[in-house]
Structures are given as structure tokens and as C-alpha cells.
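Notes follow the structure.
The values are calculated or read from the model by the stated rules, or taken from the named source; none is laboratory data. Here the structure is a predicted model, which is why all the values come from computation and not from measurement. Backbone-built Cβ (ideal geometry, glycine too); neighbour counts: all protein chains shown. Protein only, heavy atoms only, side chains kept; ligands, DNA and RNA dropped before computing areas. Shrake-Rupley method; radii C 1.70, N 1.55, O 1.52, S 1.80 Å.
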Amino acid sequence: MSAVCAALAADPVLAAHYADFRDKTEAALDPALAALIRQAVAAVHGMDVAPDESGLDDGTRTVLAYARRMPFEHTAISDAEAAAVVAHLDEAGFVAFSVLAALADAECRAALVDLPGLAGA
Amino acid sequence: MSTIPRVSSAIPGEPAHFGSVLAHQPAIAESFFALYGRFWGSDVLAARIKEVARMRNARVTECGFCRNVRFDKAVAQGLGEEVVDDITDGYETSDKLTDTEKAVLKFTDALIHDPELLNCDAKTALQRHLTPAQIAELGLGVTLFLALAKALITMGLEPEVMDRTVLPTPAVLEAAE
């Protein structure tokens with residue numbers, strides 16, 4: 001369970017809305033890729049090990065390299081980097097990926113400040 | 001940072017903006033707007049407090065769109081530009097921001113920038129000024145503000161120029177309920 005979902009335990013309606021948004025975002029991508037993106041972002045925050053990229057295709061590696069930029073370098077991502085991800089995922093996939101990678105980063109940060117603990121969950 | 005959209009609008013005739021680009025993923029869009037409307041519609045935490053956190057996020061993440069938008073509910077609750085102007089580095093010494101807002105800003109900085117900023121004093125202040133339910137809602141808000149700002153920026157949806165714009169506060173759509 002994400003730190004945000006855990007913190008919202010006392011507000012089941014808002015928690016359900018958040019869980020639905022999270023689920024819909026993940027469901028728009030291949031489940032294995034979504035898990036790799038989350039893992040790559042968490043690894044940047046020191047909350048997980050980096051994904052084992054041996055055996056992954058070049059497109060997936062490109063996506064993961066981009067995801068790793070989201071936590072601390074989001075303003076430095078170039079048009080060329082974005083175009084490479086769009087070429088691999090297509091535009092709709094790029095939109096889902098952008099939301100997922102950004103949400104994964106924000107959720108890691110919510111966990112790092114112990115949002116559930118602060119909220120008494 | 002690009003101001004040229006990196007993805008096209010999915011709505012014929014509309015330029016690329018957050019809504020028209022998110023329309024590439026209708027299920028995500030529908031779920032997000034329902035969540036965002038519910039979040040802003042809740043009065044557990046005042047809209048003014050939420051907007052203070054949103055403005056801080058906008059400045060730290062360098063989201064020009066977020067920085068120039070104001071939600072009317074927060075404006076009606078007294079969040080004028082003279083207060084917004086103080087939501088910058090050094091806000092701790094502001095005489096326009098309340099102690100509650102300063103505690104909220106410290107939490108916001110910790111979440112979006114450096115968790116070490118939420119030291120014992122900052123944590124105590126936050127929990128003195130906000131209830132657990134309010135902190136949960138604030139945490140949700142800052143999570144969404146940060147994620148959306150980064151998604152918007154990385155999709156190249158930053159405006160080249162934008163005037164300050166007061167928008168209706170997101171609300172729960174009747175059809176979504």
C-alpha cells in the first residue's frame with residue numbers, strides 16, 4: 001500500500017478515489033513495465049535496488065533512464081529524451097508513463113516524510 | 001525545460017494542454033478529475049491552506065502554469081497576492097502568513113525537496129496546527145501537486161507566457177457521483 005493510501009485510511013471515500021487514480025494509471029501500461037518504472041524511481045530515492053536491466057530491450061532501458069531523471073532532474077529532460085520514449089510507448093503510453101513516473105516519485109517522497117505516521121494512520 | 005508540447009492534443013481543434021493531452025488516457029483523466037474535485041471539495045482542510053501548499057510547489061518545481069493559476073475558493077478565503085508573494089524562500093519571517101501556513105510550507109518543502117527539513121520542531125508544529133485528518137489531506141494534495149507539475153513540465157506543457165488567471169476551484173462533477 002502506498003504511503004498516501006495508508007495516510008488516508010480515515011477517509012475511505014478520498015482513499016478510494018486516490019487508489020482508483022493510481023490503479024488506472026498503472027493499468028494503462030504493461031504491468032511489468034509499470035513495476036520497473038516504480039522500482040527505478042524508488043531506487044533513486046534509496047528505497048529499493050535498481051532494476052536488473054540485463055535482458056531488457058533498448059526501448060525499455062530508455063524508458064527507465066528517463067524515469068530515473070524524474071525525481072531530481074525533471075527540468076533538465078530534453079526534447080530528444082522525450083521523443084525517444086514516445087517512439088517506444090506511443091503518445092498515449094507516454095502520457096500514462098509521465099503520470100506514473102511523477103506519481104511514483106511523489107509517493108516515495110510521501111513515504112520519506114512518514115506521511116502515514118504524521119497522519120496517525 | 002521545454003515550452004513545446006512533447007505530445008499532441010487528443011481533442012480535435014484544441015491545443016495541447018493538460019486536459020487535452022490527458023485525454024489520450026480517458027480512464028486516467030476521468031479518475032484524476034474525480035479525485036481532484038473531491039480533494040478540493042473537501043473542507044477538512046481549508047482551500048486557502050491547500051493553495052498555499054500548491055503555490056509553494058509551483059515555485060519549487062518551476063511550474064509556470066501552476067504558478068500563474070489561482071483557485072477562486074482560496075482567493076475568497078483571503079489568499080491575496082500580498083500573501084502569495086511571501087510564499088518564497090524566507091517565508092519563515094513573513095508577517096502575512098499564519099503560523100499554520102508556515103508549518104504547512106515546511107512540510108511541503110520536506111515532501112517535495114528534502115525530508116530532513118521535517119525535523120522534530122517542524123513535525124511538532126505541523127501536528128500542533130493540523131489534525132491527523134488535515135495532515136492526510138495535505139499530504140494527498142502535495143503529492144498530487146508535485147506529480148502533476150512534473151508530468152506537466154516533462155510533457156512540454158509549460159506556457160511560454162501566461163498572465164495570472166483565477167479559475168473556478170475544481171469540483172466534483174455531478175455525473176461522476
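Work out the mean other chain Cβ neighbour count within 10 Å for the residues of B:67-80 and drop it here as an integer. Other-chain Cβ atoms within 10 Å of each residue's Cβ, averaged: 0. Shielding of peptide A:81-93 by partners, expressed as the average count of other chain Cβ atoms within 10 Å per residue Cβ, is 3. Rolling a 1.4 Å probe over the protein heavy atoms of segment A:1-117, with every protein chain left in place, gives an accessible area that is 56 percent carbon and sulfur. A protection proxy built from the mean count of other Cβ atoms within 10 Å ranks the segments A:40-52, A:58-70, most packed first, as A:58-70, A:40-52.
B:A133 sits among other residues whose Cβ lies under 12 Å from its own Cβ, and their net charge, with Lys and Arg +1 and Asp and Glu -1, is -3. Here, segment A:54-108 is characterised by an Rg to Rh ratio of 0.95, where Rg is the alpha-carbon radius of gyration and Rh the Kirkwood radius. The charge dipole of segment B:2-60, taken about its Cα centre with unit charges on the Cβ of Lys, Arg, Asp and Glu (plus for the first two, minus for the last two), comes to roughly 340 debye.
Whole-percent P(r), segment A:1-53, all Cα pairs, 5 Å bins from 0: 4, 19, 21, 20, 20, 12, 3, 1.
Calculate the length of the line joining the C-alpha centroid of segment A:34-77 to that of segment B:8-51, in whole Å. Rounded to whole Å, the Cα centres lie 26 Å apart. With a cut-off of 9 Å between beta carbons, the residues surrounding B:F71 carry a summed charge of +2, where Lys and Arg count +1 and Asp and Glu -1. In the full protein context, segment A:3-121 carries 38 Å² of accessible surface per residue, based on a 1.4 Å probe and ignoring ligands, DNA and RNA. In terms of Cα atoms, the Rg and Dmax of chain A work out to 14.9, 44 Å. Largest mean-square fluctuation among B:E116, B:E101, B:E62, in a Gaussian network model of chain B whose springs join Cα atoms under 10 Å apart, belongs to B:E116. In the protein assembly as shown, the alpha-carbon atoms span a convex hull of 125 Å³ per residue. For the peptide B:26-39, the mean number of other protein chain Cβ atoms found within 10 angstrom of a residue's Cβ is 5. Pairs B:K50/B:K96; B:K102/B:K150; B:K50/B:K106; B:K50/B:K123; B:K73/B:K106: which are spaced more than 20 Å apart, C-alpha to C-alpha? Listed pairs above 20 Å: B:K102/B:K150; B:K73/B:K106. A simple spin-label model places the labels of B:C120 and B:E81 4.4 nm from each other, with each point 7 Å out along Cα-to-Cβ. For B:R70, the residues whose amide H sits under 5 Å from its own are B:T165, B:V166, B:L167, ignoring neighbours fewer than 5 places away on the same chain, with H placed 1.01 Å from N. Bridgeable aspartates and glutamates around A:K24 (alpha carbons under 19 Å apart, same-chain partners fewer than 8 residues away excluded): A:D90, A:E91, A:D105, A:E107, B:E30, B:E177.
Rounded to the nearest 20, the size of the Cβ-charge dipole of segment A:28-121 about its Cα centre is 260 debye, with Lys and Arg at +1 and Asp and Glu at -1. Only helices enter this figure: runs of n ≥ 4 DSSP H residues, each worth -39500 (n - 2.57), summed and divided by the residues of the protein assembly as shown, yield -19500 deg cm²/dmol at 222 nm to the nearest 500.
The charge dipole of segment B:74-177, taken about its Cα centre with unit charges on the Cβ atoms of Lys, Arg (+1), Asp and Glu (-1) only, comes to about 360 debye. Summing charges over neighbours of B:D95, with a neighbour being any other residue whose Cβ is under 13 Å away from its Cβ, gives -4 when K and R count +1 and D and E count -1.
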